[in-house]
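Readers should treat all values here as calculations from the given coordinates under stated rules, not as data from a laboratory. Just so you know, these numbers come straight off a predicted model, no measurement behind them. Here the Cβ is made from the backbone with ideal geometry for all residues, glycine too, and neighbour counts use every protein chain on show.
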Amino acid sequence: MIKVCKFGGTSMADAKAMLQAKSIIESDSSRRYVVVSAPGKRNKGDIKITDMLYRCYNEVVETGTCAKSFAIIKERFIQIVKDLGLTFDIESILNETEKQIDEEKSADFSASRGEYLSARVFAELLGAKFVDSADMVRFDSRGNLNQEYTDDKVKTCLENVDFAVIPGFYGKGSNGKIKTFSRGGSDISGSIVARGVKADLYENWTDVSGFLVCDPRIVPEAKVIKSLTYKELRELSYMGASVLHSESIFPVMKSRIPINIKNTFKPDDAGTMIVPTEKYEDDTNNSIITGIAGKKDFTVIYIEKSLMNSEVGFIRKVLSVVEHHGLCIEHVPSGIDTLSLVLESEQLKDGILNDLVNEIRENVNPDYVHVIENVSLIATVGHGMTRRSGTAAKLFSALAKEGINIKMIDQGSSELNIIIGVNNSDYENCIRTIYNAFN
Ligand code: ADP
Ligand code: ASP
Ligand code: MG
């Protein structure tokens with residue numbers, strides 16, 4: 001039995017948390033490969049090491065050296081090592097790192113050092129081998145993970161290592177330079193290692209007792225989901241459930257390695273199991289919906305034109321305007337004579353929205369175009385919806401009773417997801433209302 005354990009930022013935040021993680025690892029000899037994040041927040045007002053490292057990069061760009069910002073990072077690591085009672089020379093490593101950040105002048109390199117330093121310290125604490133992800137994780141020239149190359153390297157680098165600590169979040173780009181995943185990417189690193197060593201289980205240790213039905217910051221009493229499928233996880237994490245990075249399922253999915261989300265600070269809680277679809281359907285899982293997640297700040301461009309459906313190439317012409325601007329579309333709900341484009345508002349700043357609407361008007365000559373801004377998207381996800389009728393009716397009548405105005409509906413073709421758009425100001429209330437309707 002091999003388990004890969006990934007410990008997140010709160011589990012690495014200080015010496016006390018690191019010792020807690022150590023006791024978890026030592027309680028089970030199959031926990032052989034440990035992937036770590038950079039130290040995160042110790043309390044609400046605290047700053048993550050990764051955020052400080054992005055500051056270091058900005059300081060280098062502005063002044064030529066990161067000395068001022070890096071001093072705080074140094075102090076924090078020296079304190080951790082001291083509190084752990086370790087005698088190894090972290091100061092030399094820190095000084096060397098500071099020099100490299102100044103020389104490299106790269107945001108990715110700078111940000112990656114949080115995981116690097118965290119792994120160096122944790123390997124020392126565990127008496128495990130430090131194995132650098134720079135030697136294993138590789139991106140291609142487009143910045144995507146080179147899975148084949150990476151699999152091979154993970155295998156060869158870890159094959160003869162019984163017990164290792166590996167930094168999360170980064171690898172090397174095709175130019176040989178350090179490159180990071182997007183924020184929260186250590187979850188992906190853990191998944192990559194799990195696949196590479198053919199683990200039986202990928203344990204993701206964090207600060208909540210599993211994947212909750214919805215964000216606990218909105219519904220504090222939200223229940224833990226006992227098990228969910230890879231597909232449900234993908235939908236929920238993509239739609240904003242930030243407990244796991246939305247891309248972290250891909251490496252393990254093909255190898256069908258389950259993920260167990262666990263709480264470092266309540267290790268006896270069962271947590272959430274994430275499994276392939278068939279396994280889940282064997283379970284006696286009775287819930288209609290599995291989870292609810294959402295994101296704020298979208299813009300909907302609503303287009304109406306009579307006989308749109310019989311106009312050859314209509315949708316292509318609309319989409320090519322969007323493509324021409326290099327924008328990503330989130331959803332494209334459509335009706336007989338209507339089409340909506342849902343995009344992140346962030347992409348439409350500085351007059352881009354105006355240009356887009358004008359070009360759509362010129363290209364397809366619609367009867368009517370209407371823009372709705374400040375929209376939140378909320379996804380209600382669950383395989384159970386396909387087995388029971390009336391889920392949508394229940395959801396919509398609960399929202400109507402609460403007086404929440406629905407701006408857009410998209411029942412995805414995946415059949416496990418109903419996405420609605422509401423005003424940003426209704427976001428929290430909408431999630432709470434859906435939660436209450438089904439729990
Ligand atoms: P880590 O540093 O361990 O990777 P994260 O902060 O990335 O931890 O993720 C855990 C946090 O995700 C929780 O503390 C919680 O606030 C937030 N969160 C958002 N949605 C959910 C959800 N549906 N279930 C559990 N946690 C959630
Ligand atoms: N430390 C990185 C971040 O804060 C990666 C991670 O923790 O997963 O985004
Ligand atoms: Mg995370």
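Its Cα centre serving as origin, the range 223-369 has a Cβ charge dipole (Lys and Arg +1, Asp and Glu -1) of approximately 560 debye.
Taking a point 7 Å out from the Cα of ARG183 in the direction of its Cβ, the residues of the range 96-118 whose backbone N falls within less than 17 Å of it are 107-115. Rg ratio for the chain: its Cα radius of gyration over 2.2 N^0.38 Å, N being its residue count, equals 1.07.
Sorting 180-186, 315-321 by their mean Cβ neighbour count within 10 Å, with the most densely packed peptide first, gives 180-186, 315-321. Our estimate of slack between ALA392 and PHE130, defined as 0.36 nm per intervening residue step minus the Cα-Cα distance, is 89.3 nm. Over the range 174-222, the hull volume per residue, using the convex hull of the C-alpha atoms, is 119 Å³.
For the chain, the longest principal axis of the alpha carbon atoms and the long axis of helix 67-84 meet at an angle near 60°.
On the basis of the beta-carbon distance and an R0 of 56 Å, ASP83 and LEU307 show a calculated FRET efficiency of 0.20.
Computed over the range 1-160, relative contact order equals 20 percent, with contacts defined as Cα pairs under 8 Å that lie 6+ residues apart.
When the chain is described by a simple charge dipole with +1 on each Lys and Arg Cβ and -1 on each Asp and Glu Cβ, the residue from ILE225, ASN358, LEU395 located farthest towards its positive end is ILE225. Beyond 21 Å, the tail of the calculated P(r) for the range 173-261 holds 32 percent of the Cα pairs. Applying a DSSP loop filter and a limit of 14 other Cβ atoms within 10 Å to the trypsin sites (Lys or Arg not before Pro) in the range 100-166 leaves LYS105, ARG142. Rounded to the nearest 20 debye, the dipole size of the chain about its Cα centre is 840 debye, using +1 on the Cβ of Lys and Arg and -1 on the Cβ of Asp and Glu. Contact order, relative form, for the range 124-249: 20 percent (alpha carbon pairs under 8 Å, 6 or more residues apart, mean separation divided by residue count). The residues VAL61, VAL375, VAL4, when put in order of fewest to most other Cβ atoms within 10 Å, stand as VAL61, VAL375, VAL4. Once the Cα atoms are used to define both axes, helix 49-63 deviates from the longest principal axis of the chain by about 90 degrees. Sorting ARG42, ARG256, ARG31 from the fewest to the most surrounding beta carbons within 10 angstrom yields ARG256, ARG42, ARG31. Note on the range 73-216: with charges restricted to the Cβ of Lys and Arg (+1) and Asp and Glu (-1), its dipole about the Cα centre is near 320 debye. Separation of the range 303-339 from the range 66-127 is 50 Å, based on Cα centroids. Across all Cα pairs in the range 202-318, the calculated P(r) in 5 Å bins from zero up to the longest distance comes to 2, 10, 18, 19, 15, 9, 7, 7, 7, 4, 2, 1, 0 percent per bin. Note on the chain: helix-only mean residue ellipticity at 222 nm, from DSSP H runs of 4+ residues weighted -39500 (n - 2.57) and normalised by residue number, equals -12500 deg cm²/dmol. Measuring from a point 7 Å past the Cα of ASN424 along Cα-to-C-beta, which residues in the range 292-318 have an amide N at less than 18 Å? Those under the cut-off are 294-301.
So between LYS155 and ALA67, what do we pick up on full extension, going 0.36 nm a residue minus the alpha carbon distance? Length difference between fully extended and current span is 27.9 nm.
Computed on the chain, with alpha-carbon pairs under 8 angstrom and 6+ residues apart, the relative contact order is 13 percent.
Potential lengthening of the chain between ASP51 and ARG142 amounts to 30.3 nm, from the contour at 0.36 nm per residue minus the alpha-carbon distance. Note on the chain: dipole from Cβ charges, positive end direction compared against MET18, GLN411, PRO167; the farthest Cα belongs to MET18. Computed from Cα atoms, the angle from the helix 391-401 axis to the main principal axis of the chain rounds to 80 degrees. Given a Förster distance of 35 angstrom, what is the FRET efficiency for ASN358 paired with GLN411, based on the Cβ-Cβ distance and rounded to 0.05? Once the sixth-power term is evaluated, E becomes 0.70. For the peptides 291-300, 338-347, residues were scored by their other Cβ atoms within 10 Å and the scores averaged per peptide; the highest-first order is 291-300, 338-347. Each label point was placed 7 Å from the Cα along the Cα-to-Cβ direction; for GLU75 and ASN58 their separation is 1.9 nm. Residues GLU373, GLU62, ranked from the fewest to the most other C-beta atoms within 10 Å, line up as GLU62, GLU373.
Note on the chain: antiparallel DSSP beta bridges, both residues inside, total approximately 60 percent of the bridges counted.
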